[in-house]
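Undergrad: Here it is, the structure in full.
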Amino acid sequence: MIERGHVPVLLNEVLEHLDSAREGTYIDGTIGLAGHAVEILKRNPRAALIGLDVDELALDRVKETLKPYADRVRLYQADFRYLPDLDFDFSEVRGLLLDLGLSSFQLDSPERGFSFNQEGPLDMRMDLRNKTTAFKIVDSYSEPKLAHLFQEYGELRQAKRLAREIVARRKVRKFETTVDLRQVIEQVCHWIPQKGKVHPAAKVFQALRIEVNQELRGLGEFLETMAARVPAGARFVVISFHSLEDRIVKRTFARLGGGAEAPALMRLLTRKPVRPTDEEIIANSRSKPAKLRAAEKI
Ligand SMILES: C[S@@+](CC[C@H](N)C(=O)[O-])C[C@H]1O[C@@H](n2cnc3c(N)ncnc32)[C@H](O)[C@@H]1O
């Protein structure tokens, strides 16, 4: 059963691009609450699944969700970027799915500190073994380093001003909670809610989350390494939720598609990213920024 309230993004598009009716092994590198994984297993009795997630709390739930399929499932608390280092036989792999970013379970848990709408500690770790929290960054990074972070990963126009204000204020009182931080962002950015306008805290929280979890590090290299390991016909499907990630996926797939530097290892299945339909966005507004790209090993 899919977790109540959990809606996997672009479900049919994922299954179609993975071609998940084929017999063999499917890797879900970001299993989350297993929304996609359970559908692969349910619809295809000849599918085996390797599921990874850095979040042990998510994996505890996944174990329950996937109990009916336990004999076909292997779960690991691991960063997918280390998958090539693990002692796996990839010869039976038919598909690899990465549904990047946060699960609704993480976003909706105030104690994880991902949401600026709910009061919680400034944490933002997907992997609770990670020593770096958002608090540590906000409390210790220099002003130029914070400004760079907000600019690069949040594309925040007022990045320098916000960094200056944070550094000045933290000398007086530390930013302990999501609300402490949201308040200074709203003041610096003169935030007035307007329909269709992105809250500046969304940009800052995104930047901090990317930094805490090092979300962009090694993504392209991972796809390239895996492309060399999997057999012909294996499909990669990646869903990203912000342009920085999508750019990496797009460029990596383009490189794998061949060019002047190297022969093609993969063929692109999506010239343009697949986006959620209007119906899906109405049913699940969190799906709105999703972009799916897919490629097949040749
Ligand atoms: C968007 S959710 C996946 C949702 C899932 N497809 C579903 O339908 O339930 C992303 C998940 O990936 C995990 N994650 C993010 N980066 C990861 C990484 N580098 N390695 C392993 N898991 C990661 C997060 O902890 C989160 O649970």
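The values are calculated or read from the model by the stated rules, or taken from the named source; none is laboratory data. Since we're looking at a predicted model, the values are computed, not measured. Cβ placement follows ideal geometry from the backbone for every residue including glycine, while neighbour counts extend to all protein chains displayed. Surface areas here come from the heavy atoms of the whole protein model, side chains and all, with no ligands, DNA or RNA. Shrake-Rupley method; radii C 1.70, N 1.55, O 1.52, S 1.80 Å.
Undergrad: How far apart, in nm, are two points set 7 Å out from the Cα along the Cα-to-Cβ line at I282 and at A232?
TA: Spacing of the two 7 Å Cα→Cβ label points: 4.5 nm.
Undergrad: Mark the label point 7 Å from the Cα of K160 along Cα→Cβ and return the residues of the stretch 188-229 whose backbone N is within less than 18 Å of it.
TA: Answer for this model: 188-190.
Undergrad: Mind putting together the pair-distance distribution for the stretch 111-213? All Cα pairs, 5 Å bins, whole percent per bin, short to long.
TA: The calculated distribution, bin by bin, is 2, 14, 25, 28, 20, 8, 2, 0.
Undergrad: Now for a different question. Accessible area of the chain with a 1.4 Å probe: how many percent of it is carbon plus sulfur?
TA: Working: 7340 of 14700 Å².
Whole-percent figure for carbon plus sulfur exposure: 50.
Undergrad: Rank D99, D60 by accessible area, highest first, at a 1.4 Å probe radius?
TA: Working: D99 35, D60 85 Å².
My answer, sorted largest first, is D60, D99.
Undergrad: Accessible area per residue of the stretch 111-213 at 1.4 Å probe, in Å²?
TA: On the way: 5530 Å² over 103 residues.
In whole numbers, the stretch 111-213 has 54 Å² accessible per residue.
Undergrad: Considering only DSSP beta bridges whose two residues both sit in the chain, what percent are antiparallel, to the nearest 5? Can you show the working numbers first?
TA: Values: 11 of 30 bridges.
Around 35 percent of the beta bridges assigned by DSSP in the chain are antiparallel ones.
Undergrad: Beyond 27 Å, how much of the Cα-Cα pair distribution for the chain remains, as a whole percent? Each step should come with its number before you reach the end.
TA: Values: 19277 of 44253 pairs.
So the portion of pairs separated by more than 27 Å is 44 percent.
Undergrad: May I pose another question? Give the distance, in whole Å, between the Cα centre of the stretch 43-93 and the Cα centre of the stretch 124-177.
TA: 34 Å
Undergrad: Once fully extended, how much extra length lies between E221 and Q118, figured as 0.36 nm per residue of separation less the alpha-carbon to alpha-carbon distance?
TA: So the extension gain works out to 33.6 nm.
Undergrad: Something else about it: Pop the C-beta distance of K171 and A202 into the FRET formula with R0 = 25 Å and round what comes out to the nearest 0.05.
TA: Numbers: r = 27 Å, r/R0 = 1.06.
Efficiency, rounded to the nearest 0.05: 0.40.
Undergrad: For the stretch 1-85, report the convex hull volume of the alpha-carbon atoms normalised per residue, in Å³, without decimals.
TA: Details: hull volume 8.0 nm³, N = 85.
Taking the convex hull of the Cα positions in the stretch 1-85, it is 94 Å³ per residue.
Undergrad: Students often get this wrong: which residues of the stretch 44-84 have the backbone nitrogen under 19 Å from the point 7 angstrom along Cα-to-C-beta of S109?
TA: Residues 51-67, 75-80 fall inside that zone.
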